[in-house]
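Here is the structure we will look at, set down as structure tokens.
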Amino acid sequence: MDLNLQGKRALVCGSSQGIGKACAIELANLGASVTLFARNINSLEKVLVELNTQQGQTHQILIADFSQPEIVKQVITEHIKINSPYEILINNTGGPAPGPASTSDSSAFIDAFNLHLIANHHLVQALLVGMKEKKYGRIINVISTSVKQPIPGLGVSNTIRGAVASWSKTLANELGPFGITVNNVLPGATATGRLDAIIEGKAKKQNISIEQATANEISQIPMRRFASPAEFAAATAFLASPAAGYITGINLPVDGGRTACL
């Protein structure tokens, strides 16, 4: 199986921590030159020194706040002018705040739409020319299992993730003739800071201990544990590899079996 990414360049968004960081590390381990893209330069610099660097690999940092998609567009457009094309794009951004859809202000939906879909779209458009020239492209969107089964209490996130999933499927159909695949990877409960915050919120709302809230979450997972970010990254890296060249337009849950539907 060909998992070799030597000579490939990967742009990994939200790579200062958690899932994004794990994806960057795994892609670098497989030989890719990785560009870390997030808003916190101090965190990115710490991740940069953790990346595996062998002969032929060059890793970089880009800085932008994804809540400002026009700034993201400007940064990547200027970067592409003076750098080699990318074959791999990992779209990944922290999720919207929890809360029911019915009581969410309309501005929350607009902000989330800009943060996720519009920023993603700018990046795809910026990288497409290079992918077509290389006749190799892997666009991978980190979204949520909510595109298969809405998650209670995440109204805005459920809505926007669904939009990103449909956008992704549409792109997969349009870009397949160019050798470019487009897929979504859906994290379940993964041991990150965001999961900690969600569990803390549930504990407070239900007036139970964090330990009990954690146990409640784990009880819903057939594997009876949370995923590590590295496990999620392994699935993402496979989809970025030559071995996954005939897989496109899918939603891949990495959730320990928690999602109830197929």
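The values are calculated or read from the model by the stated rules, or taken from the named source; none is laboratory data. Since we're looking at a predicted model, the values are computed, not measured. Please note: Cβ atoms are built from the backbone with ideal geometry, for glycine as well, and neighbour counts cover all protein chains shown.
List every residue pair whose Cβ atoms sit under 9 Å apart, with the two residues 6 or more apart in sequence or on different chains, where the first one lies in the range 90-104 and is on the phi > 0 side of the Ramachandran plot and the second, anywhere, is crowded, with 18+ Cβ neighbours inside 10 Å and in a strand (DSSP E or B).
Gly99/Leu154
Do we have Thr236 as within 19 Å of Ile19 (Cα to Cα) and in a helix (DSSP H, G or I) here?
Values: within 19 Å of Ile19 (Cα to Cα): yes; in a helix (DSSP H, G or I): yes.
In short, yes.
For Leu175, which of the numbered conditions (1) surrounded by fewer than 21 Cβ atoms within 10 Å (Cβ to Cβ); (2) outside any helix (DSSP H, G or I); (3) among the hydrophobic types (A, V, I, L, M, F, W, C) fails to hold?
(2)
Evaluate the following for Arg224: is it closer than 30 Å to Asp2 by Cα and either free of Cβ contacts under 8 Å to residues at least 60 places away in the same chain or among the charged types (D, E, K, R) (or both)?
On the way: closer than 30 Å to Asp2 by Cα: no; either free of Cβ contacts under 8 Å to residues at least 60 places away in the same chain or among the charged types (D, E, K, R) (or both): yes.
The answer is no for Arg224.
For the range 28-111, which fully contained strands (runs of 3 or more DSSP E) count at least 2 residues that are in contact with a Gly (Cβ under 9 Å, 6 or more places away or on another chain) and closer than 21 Å to Leu171 by Cβ?
Per the criteria, 88-91.
Could you please give the count of residues in the range 189-214 that are among the polar types (S, T, N, Q) and assigned to a loop (DSSP other than H, G, I, E, B)?
3
What about Leu186, is it farther than 25 Å from Glu70 by Cβ and either assigned to a loop (DSSP other than H, G, I, E, B) or touching a helix residue (DSSP H, G or I) at 6+ places or on another chain (Cβ under 9 Å) (or both)?
yes
Here is a yes/no grid of residues against (1) at pLDDT below 95; (2) more than 30 Å from Phe226 (Cβ to Cβ); (3) within 16 Å of the chain's Cα centre (by Cα); (4) buried (at least 24 other Cβ atoms within 10 Å of the Cβ):
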site	(1), (2), (3), (4)
Cys13	no, no, yes, yes
Ile19	no, no, yes, yes
Glu26	no, no, yes, yes
Gly31	no, no, no, no
Leu36	no, no, yes, yes
Gln54	yes, yes, no, no
Gln57	no, yes, no, no
Ile61	no, no, no, no
Asp65	no, no, yes, no
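Residue under question is Ala165, and the condition is that it be aliphatic (A, V, I, L, M), in contact with a helix residue (DSSP H, G or I) (Cβ under 9 Å, 6 or more places away or on another chain), surrounded by fewer than 18 Cβ atoms within 10 Å (Cβ to Cβ) and touching a residue at least 60 places away in the same chain (Cβ under 8 Å); does it hold?
Here the answer is no, as Ala165 does not meet what is asked.
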